[in-house]
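Below is one structure, written out as structure tokens; comments come after it.
The values are calculated or read from the model by the stated rules, or taken from the named source; none is laboratory data. Treat the numbers as computed from the prediction; the structure is a model and nothing was measured. Positions of Cβ are generated from backbone atoms using ideal geometry, with glycine treated the same way; all protein chains shown enter the neighbour counts. For accessibility, only protein heavy atoms count, side chains too; no ligands or nucleic acids. Shrake-Rupley method; radii C 1.70, N 1.55, O 1.52, S 1.80 Å.
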Amino acid sequence: MNNNLRQFSIFSTFSLMLALTVACSGEEVNVESEDTSGDENLDAEEVEADNPDAQTLRISVGINDQHPLYDSAIHFGELLTEKTDDFNVEVYHSAQIAADLVATEMVQNGDLDITITSTSPVMNNIPEYGVFDLPFVIPDEEVADEVLDGEFGDQMLDILEDQDLVGLAWWENGFRNLTNDVRPVESIDDLEGLTLRTMETDIHLDSWSEMGANPTPMAFDELYTGLQQGTIEGQENPYPIINLEGYHEVQQYLSATNHVYTPYIFLFSKQIWDELTPEQQEAIAESAYETREYNREITRDEAQNSLEELQSSMEFSEITNEEYERFQEAVEPVIENHSATIGEDIVDDFLSAVEKASD
Ligand code: TK8
């Protein structure tokens, strides 16, 4: 077993223990990770430094190697190895290390260097992060960029430090859209009773319940099988994920609901970070930050391309303005229901940042 794999086995044993601990603690969320100890068939992309003593940084992403997030993580590795020969970067896709929630906890515990995750699973431990799950607040990508790249985004990165995380950059997952296998969804009435998978966040569960659907939380790596086996009738994700994870193979209807914008966040382990020199920290921070524009550009191109491809294989519905307002009205209680948990100040700051950016 080479050194990397040996270290990896230690990680996966940790993650299994972690999954068991969480399972035993009786939390409601469904976290799982595979025990891949001894598995030499892991598929990772390596960006190697020209230095035999370089420290290896492992990145875990939940999505597959077709998605722009994977390419962006490699791009980060390339930028970093141009800046310094202190690090090799290994990018693991498809939750081979762990699904988002567990990967984030591994990063907090210093068992994994980096994960790039949707913000939603993060809110399980950091309730403030639920702010990004509030539905129908961010109207378009320009507003998303301005809010994340401004004071509000900085403030949200800063609060991670108390949680043993260093938040280095806002990348993009994108606006989420609904798919299902029962009927075209064009109005809120069409949602009645649909069983939908959501990410593991109460806010999404509550939003879909308010809209009349029957939501259930599930880790991302179980989603395809859930759709295929019919345990759930639908799900929601940005166009690139729907297309590149192949949900159109098992889902017939696509609706442009654009109900929420999900950022990807680049999370570095604080414990590991604190062992690095200021120069090394700077090189890593700059590489994550500089990859942001690249990531947004390729993600948006892919969203366009994926939508076109999906339209040729799925029945596509747009939502009229009138119907869109009915969706928005239905979820009005959600902000009120969750403001106390998220923090009233954070919700206010978010809503004013969005309003300012929308002017
Ligand atoms: C990928 C997930 C995914 C998210 C989900 O790891 O779970 O639906 O949209 O992007 O973070």
- Task: Only residues in the range 338-356 that are free of Cβ contacts under 8 Å to residues at least 60 places away in the same chain count as the first member; pair them with residues that are in a helix (DSSP H, G or I) and among the β-branched types (Val, Ile, Thr), Cβ under 6 angstrom, at least 6 apart or cross-chain, and list the lot.
- Result: Ser339/Val347
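What residue, among those in the range 25-55 that are modelled with pLDDT of 60 or more and under 21 Å from the mean Cα position of the chain (by Cα), is surrounded by the fewest Cβ atoms within 10 Å (Cβ to Cβ)? It would help to see each step written out before you state the result.
We begin by selecting, within the range 25-55, every residue modelled with pLDDT of 60 or more; these are 41-55.
Within this subset, residues satisfying the condition of being under 21 Å from the mean Cα position of the chain (by Cα) are 43-45.
Values: Asp43: 11, Ala44: 17, Glu45: 16.
The residue in question is Asp43.
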- Based on what the data block shows, is Thr291 in contact (Cβ under 8 Å) with a residue 60 or more places away in the chain and in a helix (DSSP H, G or I)? yes
- Item | Scope the range 56-112; condition open to solvent by 30 Å² or more (accessible area, probe 1.4 Å) and free of Cβ contacts under 8 Å to residues at least 60 places away in the same chain; matching residues | Asp65, Glu78, Thr81, Glu82, Asp85
- Query: Which condition does Arg176 not pass, out of (1) open to solvent by 20 Å² or more (accessible area, probe 1.4 Å); (2) within 30 Å of Lys270 (Cβ to Cβ); (3) among the basic types (Lys, Arg), if it passes all the others?
  - Reply: (1)
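If you check Val260, Val182, Val250, which single one turns out to be within 18 Å of Met123 (Cβ to Cβ) and either touching a residue at least 60 places away in the same chain (Cβ under 8 Å) or in contact with a Ser or Thr (Cβ under 6 Å, 6 or more places away or on another chain) (or both)?
It is Val260.
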- Mind checking which residues of the range 200-235 are within 12 Å of the ligand (Cβ to nearest atom), open to solvent by less than 10 Å² (accessible area, probe 1.4 Å) and either under 22 Å from Tyr129 (Cβ atoms) or of a type in the set (Phe, Trp, Tyr) (or both)? Thr201, His204, Ala219, Leu223, Gln235
